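As structure tokens, the structure follows; a few thoughts come after it.
The values are calculated or read from the model by the stated rules, or taken from the named source; none is laboratory data. Values in this document were obtained by computation on a predicted structure and should not be read as measured data. Heads up, the Cβs are rebuilt from the backbone with ideal geometry, glycines too, and the neighbour counts pull from every protein chain shown.
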Amino acid sequence: MQQLAAGTDRTVVVKGLVERGWPEVSARRFVANVRVTPLAASRRQGAQHERWRVARGLLLMLLGAGVVAAGLALDDPSASLFVFSAGVILSVFGLLDFLFGISAWGPVDQ
């Protein structure tokens, strides 16, 4: 797909796949069915996904912090532990989502 996006001729790509062990019929079908999107467009879509991931992570962390606070405010020890644990789990998943979103978010070509 990257070769096709770079402008490589389809027959050259088919030859390369056949050299790697693909049956020629399968290679031709694969190359014919590949839709080439411009690289800049795919990067913009990826950046949009990562922005959503960062926002979702922040939202989950805030929700988890609220649930932790509610768990600490409860008088019943068993219910308090359950609610507190649920809040911590939400916060951890939110933090992981936030960090993965930040780490994959790179510069976008215009």
Log entry, pairs with first residue in the stretch 85-103 being more than 22 Å from Leu74 (Cβ to Cβ) and free of Cβ contacts under 8 Å to residues at least 60 places away in the same chain, second being charged (D, E, K, R) and exposed (fewer than 14 other Cβ atoms within 10 Å of the Cβ), beta carbons closer than 8 Å, six or more apart or on different chains, reads Gly101/Arg51
Of (1) under 22 Å from Leu95 (Cβ atoms); (2) more than 22 Å from the chain's Cα centre (by Cα); (3) at pLDDT below 85, Gln48 fails just (2)
Over the stretch 74-110, the set of residues surrounded by 12 or more Cβ atoms within 10 Å (Cβ to Cβ), modelled with pLDDT under 85 and among the small types (Gly, Ala, Ser) is Ala104
